[in-house]
Amino acid sequence: MTSTLYDFVKFKKDGETVMTMTRLYSGLIRLVAIGVILCFGILACSQNSNTQNSDANSDTDADSDSDTDSDSDSDADTDSDTDSDADTDTDSDSDSDTDSDSDSDTDSDTDTDGDTDADSDSDSDTDSDTDTDSDTDTDSDTDNDSDTDNESDTDNDSDTDNDSGIIGPCDIYEADGAPCAAAHSTVRALYGAYDGSLYQVRRADNTTTDIPVLEPGGYVDASVQDSFCAGTTCTISIIYDQSPNGNHLTKSPAGGWLNNGGREADATAAKITINGHAAYGIFTTMSWDNDEMTVGYRNNNTMGVATGDEPESIYMVADGKRYNEWCCFDYGNAETNNLDNGPATMETIYFGSSTQWGRGSGTGPWVMADLEDGVFAGDSFDAPPSNTSINVDYVTAMLKGNSGNHFSLKAGDAQAGLLETKWDGPRPNGYSPQKKEGAIILGTGGDNSHTGIGTFFEGCMTTGISSDEADDAIQANIVAAGYGK
C-alpha cells in the first residue's frame, strides 16, 4: 500500500519529481492522528451529552434538583404553636432539601489534559445543569394552618375579651375609659365574656364549692348551689371579683366594732329570680353586740382601687325593701385597718333611712355617701331638696367621687326607667381632698360598724370617673338584666 501511495502521490518541483518517503509517512501519521482524535472527540461528545442529560436531572449532583427537595421540610412545623392556637400548620413543605449536591459527577471527564478532573461533568458541564430544578417542591405547603385557636382560657379570672356579644356593666365602663377595679355579683356576670365563678359556698361540714355562670356573660347557675347544699346549710364564703384585679371579698376580719370579725351570709336567705333564673343575694344582718359576728365582707389588701383623691365611680343593686335606719349598709372604698381614720378616709354608697348624721328629703330610704364620721345626702347634714326618697323593689344606687371638691349621687329603679341625680356638687367641709385608703367593704361601715341591714346583688368600682352617658348605659343594662322577673 505504501508503494501504491508512493506512485500515486508525486510532487513536482522545477520539472523534477521530488518525493520524500519521510514526508509521506509524516503526512500519513498526521492524517491518522487527526482521524483518531476526531473519533475520540465524537465519542466523548456523545458520551458527555448523555452524562449531561442524566446530569441535567441526576447530576449525581442530585442537581436534577431532583433536589430530593421533595421539599419535605418535614419541618413538622406542626406549628402546633403550642399557643393552644392549634395552628397545626403541618406545613408539609417537605424541604428536607437533601440537595446532596455531591457534584461527585463521576463524569470522569479525563479532560484531554489527563486532568482527571473528577468533576466528571467534563467540566464542559456548562453546568448545563439546566437545573430544571424540577424541584418537585410543589411546596404543597399544605400549611393547613387550621389555626383552631382554641384559646380555652379556662382561667377563673375570665377572659375579658368579649366574643359572646353580651355586654356587661364593666364592658360599658371599659369603653368609657373608666375600667372596673372590682366587680362583685352573686346573680350574673358583669363582663360579657366572664365565664368564671361568681361566688363560693361553704357547707356545714366545711367543704366548699364554686358557683359558676350558665354561660360566658350569663346568669348564675344556682342549681350547683342547690345540689351541693341539699339536706344541709350553706354560707357564702367568697364573693369573687370578676375584674382582673382579684379583689375577692371574704368575711370581715376582727377590728373596729367587730371584736370577733364578721360572719358569712346564709346562702339561701335572699333568693330571687332574674330573667327567669333562680339566684341568691348577700343578706346582711345587724347586732348591737360587738362580740356578735354579724354578716360583713371586706378586702383590706386590694389592687387597682382608688386611693387618696383619685377619682372613682361606684354602683350597687340592692333590695329596695330591705333596709333600716342605722349605719351602715355600705359598699365601696374604706380604711385598710378596720378603724375610723377620720373624715374623708372612706367613700362608699349607703342605702337606708339613717338620720344619725345627714339625711335626704322625705322619710327615706335614700341613697347617700358614707365618707367616714358622717353619712351625707349632699354637702352637709341638712336634707338637700334634690335627694328624695326612693321606694322601689330593687334599687340602683350610684356614687361618683371626682378628684377635687365634687361628688355626685344617683338612684333609680333597677327594674325600669332612668337614673335620677340626687346630688351633684361640692363635698362637705373638711372632706376635700379625699384621703381614701382603697380597702373594699360590703355590709358594714369602714370601722366595721354593724347595725345596718340590706341585701346586695351586684356592684362595681371603677378606676377613673364615668361619664353621665356611661351611667345611663349602666342603668339600662341593669334594667335589661330582669331583676324580679
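Determine, yes or no, whether Thr421 is open to solvent by 50 Å² or more (accessible area, probe 1.4 Å) and among the β-branched types (Val, Ile, Thr).
yes
Which ones in region 328-337 are part of a loop (DSSP other than H, G, I, E, B) and open to solvent by less than 10 Å² (accessible area, probe 1.4 Å)?
Hits for region 328-337 are Cys328, Phe329, Glu335.
Only one residue in Thr268, Thr273 is of a type in the set (Val, Ile, Thr), farther than 23 Å from Gly332 by Cβ and in a loop (DSSP other than H, G, I, E, B). Which one?
Thr268
What number of residues within region 394-411 are under 18 Å from Asn477 (Cβ atoms) and either at pLDDT below 95 or of a type in the set (Ser, Thr, Tyr) (or both)?
Matching residues across region 394-411 total 2.
Return yes when Ala306 is at pLDDT 95 or above, surrounded by 18 or more Cβ atoms within 10 Å (Cβ to Cβ) and at positive phi and no when it is not.
Spelling it out, it is not the case that Ala306 is at pLDDT 95 or above, surrounded by 18 or more Cβ atoms within 10 Å (Cβ to Cβ) and at positive phi.
Quick check: anything in region 190-207 closer than 29 Å to Met286 by Cβ, open to solvent by less than 60 Å² (accessible area, probe 1.4 Å), in a loop (DSSP other than H, G, I, E, B) and in contact with a Ser or Thr (Cβ under 8 Å, 6 or more places away or on another chain)?
Looking for residues that are closer than 29 Å to Met286 by Cβ, open to solvent by less than 60 Å² (accessible area, probe 1.4 Å), in a loop (DSSP other than H, G, I, E, B) and in contact with a Ser or Thr (Cβ under 8 Å, 6 or more places away or on another chain), one finds none in region 190-207, hence no.
Can you report the number of residues in region 378-397 which are touching a strand residue (DSSP E or B) at 6+ places or on another chain (Cβ under 8 Å), among the hydrophobic types (A, V, I, L, M, F, W, C) and surrounded by fewer than 23 Cβ atoms within 10 Å (Cβ to Cβ)?
Within region 378-397, residues that are touching a strand residue (DSSP E or B) at 6+ places or on another chain (Cβ under 8 Å), among the hydrophobic types (A, V, I, L, M, F, W, C) and surrounded by fewer than 23 Cβ atoms within 10 Å (Cβ to Cβ) number 3.
Can you tell me which residue in region 187-212 is farthest from Ala269 (Cα to Cα), limited to those that are in contact with a strand residue (DSSP E or B) (Cβ under 6 Å, 6 or more places away or on another chain) and of a type in the set (A, V, I, L, M)?
The extreme case among them is Leu190.
Can you tell me how many residues in region 436-485 are surrounded by 23 or more Cβ atoms within 10 Å (Cβ to Cβ), touching a Phe, Trp or Tyr at 6+ places or on another chain (Cβ under 8 Å), hydrophobic (A, V, I, L, M, F, W, C) and closer than 20 Å to Gly177 by Cβ?
So the count comes out to 2.
Quick grid of which residues meet (1) under 26 Å from Thr307 (Cα atoms); (2) more than 34 Å from the chain's Cα centre (by Cα); (3) assigned to a loop (DSSP other than H, G, I, E, B); (4) in contact (Cβ under 8 Å) with a residue 12 or more places away in the chain:
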| position | (1), (2), (3), (4) |
| --- | --- |
| Val367 | yes, yes, no, yes |
| Ser380 | yes, yes, yes, yes |
| Gln415 | no, no, yes, yes |
| Leu418 | no, no, yes, yes |
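Within region 241-262, is there a residue that is open to solvent by less than 40 Å² (accessible area, probe 1.4 Å), among the hydrophobic types (A, V, I, L, M, F, W, C), over 19 Å from Tyr394 (Cβ atoms) and assigned to a loop (DSSP other than H, G, I, E, B)?
No: region 241-262 contains no residue that is open to solvent by less than 40 Å² (accessible area, probe 1.4 Å), among the hydrophobic types (A, V, I, L, M, F, W, C), over 19 Å from Tyr394 (Cβ atoms) and assigned to a loop (DSSP other than H, G, I, E, B).
Residues of region 398-418 being surrounded by fewer than 23 Cβ atoms within 10 Å (Cβ to Cβ), in contact with a strand residue (DSSP E or B) (Cβ under 8 Å, 6 or more places away or on another chain) and farther than 27 Å from Thr345 by Cα, which ones?
Answer for region 398-418, where residues must be surrounded by fewer than 23 Cβ atoms within 10 Å (Cβ to Cβ), in contact with a strand residue (DSSP E or B) (Cβ under 8 Å, 6 or more places away or on another chain) and farther than 27 Å from Thr345 by Cα: Asp413, Gln415, Leu418.
The values are calculated or read from the model by the stated rules, or taken from the named source; none is laboratory data. Only a predicted model underlies this, so the values are computations on that prediction, with no experimental measurement involved. No Cβ is skipped: glycine too gets one built from the backbone with ideal geometry, and neighbour counts run over all protein chains shown. Just so you know, the surface numbers come from the protein's heavy atoms only, side chains and all, with ligands and any DNA or RNA stripped out. Shrake-Rupley method; radii C 1.70, N 1.55, O 1.52, S 1.80 Å.
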